[in-house]
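**Student:** What follows is a structure written as structure tokens; I'll ask about it next.
The values are calculated or read from the model by the stated rules, or taken from the named source; none is laboratory data. Only a predicted model underlies this, so the values are computations on that prediction, with no experimental measurement involved. With ideal geometry, Cβ positions are generated from the backbone for all residues, glycine too; neighbour counts draw on all protein chains shown.
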Amino acid sequence: MPEGTAVSRMFAGIAGRYDLANHLLSGGIDFHWRNRLAAKVRAHAPNNLVDLATGSGDVAFKLREKLGPNVEIQGLDFCEPMLDQARRKRDEVASYEGINFDFGDCMALPLPEASVDAVTIAFGVRNFEDRHQGLEQILRVLRPGGRLFILEFSQPDNWFRPFYYVYLKAILPRLAAFTTGDKGAYDYLAGSIEEFPSKDTLTEQILQAGFASVEATGLTASIVAIHEAVKAP
Ligand SMILES: C[S@@+](CC[C@H](N)C(=O)[O-])C[C@H]1O[C@@H](n2cnc3c(N)ncnc32)[C@H](O)[C@@H]1O
């Protein structure tokens, strides 16, 4: 697992070009993935929610669009330059007013026990220094019956793997170097995706952290998956 300070430093280096790289490298399909995540959250009508590893805030904004202004939304991240991007985008759009973006490390969440109806985290769990500790922290801050929604890369369906890994290892780091000027960060991305567990293994790890149930949904030939986990009522 990568060291937290190294991860934070890496994202600080690409913060200004993160959104552009994201949309370009995913061919724009990241919009669809965030939409699916937000639709799943909306089905449970939370009163408050926290978006962890919020980065430049795109999940928090999508949640505001789908859930409306009455749901309290807070984004947390441990990389200030990424949070600055989120705050700048929030301040440009009137309907995003009231979304708070604050410093917070998922290894020690600055939130009271049982205080949150729903937690989202997109493309963050993969970077945790200690995945079990992060999942336990999320369980602690969720209310009984509360839900965790993880959007993360997964292991793609067998038929798609050869194409995907050629893209991931040969094309993506070069495209990323062109977009962000930091090939190293995207070599790391390719490696961390390759090592990340399958849907079944991540489900098992979430249950081991103490969640009562987990449902996994693969998207786009399971390039990514949404894991929806419930804290016991
Ligand atoms: C790939 S970006 C994802 C950003 C955003 N969720 C999205 O979907 O575009 C990963 C983010 O996770 C943050 N991050 C990684 N580990 C973290 C931790 N332990 N605590 C807080 N933030 C973390 C990084 O700083 C970075 O902003």
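**Student:** Could you list, in sequence order, all residues of segment 1-34 that are in a loop (DSSP other than H, G, I, E, B) and within 11 Å of the ligand (Cβ to nearest atom)?
**Tutor:** The answer is Met1, Pro2, Glu3, Ser26.
**Student:** While we're on this one: From the list Leu83, Leu109, which one is in contact with an Asp or Glu (Cβ under 6 Å, 6 or more places away or on another chain) and either closer than 19 Å to Ala6 by Cα or within 12 Å of the ligand (Cβ to nearest atom) (or both)? Quick ask: steps written out before the conclusion?
**Tutor:** Details: Leu109 fails: in contact with an Asp or Glu (Cβ under 6 Å, 6 or more places away or on another chain).
Within the list Leu83, Leu109, the selection yields Leu83.
**Student:** Shifting gears a bit: Can you name every residue in segment 103-126 that is touching a strand residue (DSSP E or B) at 6+ places or on another chain (Cβ under 6 Å) and aliphatic (A, V, I, L, M)?
**Tutor:** The answer is Ala114, Val116, Ala118, Val119, Ile121, Ala122, Val125.
**Student:** Can we say Met82 is among the hydrophobic types (A, V, I, L, M, F, W, C), in a loop (DSSP other than H, G, I, E, B) and out of contact with any Pro (no Cβ under 9 Å at 6 or more places or on another chain)?
**Tutor:** No; evaluated as a whole, the condition is false for this residue.
**Student:** Still on this structure, please answer the following. Which ones in segment 110-128 are at pLDDT 95 or above and polar (S, T, N, Q)?
**Tutor:** Within segment 110-128, Ser115, Thr120 meet the criteria.
**Student:** Search segment 122-139 for residues being more than 6 Å from the ligand (Cβ to nearest atom) and part of a loop (DSSP other than H, G, I, E, B), and hand back the single one that is surrounded by the fewest Cβ atoms within 10 Å (Cβ to Cβ).
**Tutor:** The selected residue is Asp130.
**Student:** Quick one: which of Pro112, Pro173, Pro156 is loosely packed, with under 13 Cβ neighbours inside 10 Å and not polar (S, T, N, Q)? Even if it seems obvious, please write down each step before you answer.
**Tutor:** On the way: Pro173 fails: loosely packed, with under 13 Cβ neighbours inside 10 Å; Pro156 fails: loosely packed, with under 13 Cβ neighbours inside 10 Å.
One residue alone meets the criteria, Pro112.
**Student:** Moving to a separate point now. Which condition does Gln74 not pass, out of (1) part of a loop (DSSP other than H, G, I, E, B); (2) in contact with a strand residue (DSSP E or B) (Cβ under 9 Å, 6 or more places away or on another chain); (3) more than 9 Å from the ligand (Cβ to nearest atom), if it passes all the others?
**Tutor:** With respect to (1) part of a loop (DSSP other than H, G, I, E, B); (2) in contact with a strand residue (DSSP E or B) (Cβ under 9 Å, 6 or more places away or on another chain); (3) more than 9 Å from the ligand (Cβ to nearest atom), Gln74 is out only on (1).
**Student:** Does Glu92 satisfy being over 19 Å from Val230 (Cβ atoms) and either charged (D, E, K, R) or at pLDDT below 95 (or both)? If you could, list the steps in order and put the result at the bottom.
**Tutor:** Numbers: over 19 Å from Val230 (Cβ atoms): yes; either charged (D, E, K, R) or at pLDDT below 95 (or both): yes.
Taking the combined requirement at face value, the residue satisfies it.
**Student:** Any idea which residue in segment 35-49 is nearest to the chain's Cα centre (by Cα), counting only those that are assigned to a helix (DSSP H, G or I), aliphatic (A, V, I, L, M) and over 15 Å from Asn70 (Cβ atoms)?
**Tutor:** Leu37
**Student:** I've got another one for you. Kindly list, by first and then second residue, each pair from a residue in segment 69-89 that is more than 16 Å from Asp19 (Cα to Cα) to a residue that is surrounded by 23 or more Cβ atoms within 10 Å (Cβ to Cβ) and among the charged types (D, E, K, R), limited to pairs with Cβ atoms under 7 Å and residues at least 6 apart or on different chains.
**Tutor:** Sorted first by the residue in segment 69-89, then by its partner, the pairs are Ile73/Asp51; Gly75/Asp51.
**Student:** Which of the residues spanning segment 42-58 are more than 9 Å from the ligand (Cβ to nearest atom) and under 13 Å from Ala122 (Cα atoms)?
**Tutor:** Here is the first cut: in segment 42-58, the ones more than 9 Å from the ligand (Cβ to nearest atom) are 42-50.
Answer for segment 42-58, where residues must be more than 9 Å from the ligand (Cβ to nearest atom) and under 13 Å from Ala122 (Cα atoms): just Val50.
**Student:** Which members of segment 2-24 meet the condition of being within 17 Å of the chain's Cα centre (by Cα) and either within 15 Å of Tyr188 (Cα to Cα) or of a type in the set (Ser, Thr, Tyr) (or both)?
**Tutor:** Passing the criteria: Pro2, Gly4, Val7, Ser8, Met10, Phe11, Ala12, Ile14, Tyr18, Ala21, Asn22.
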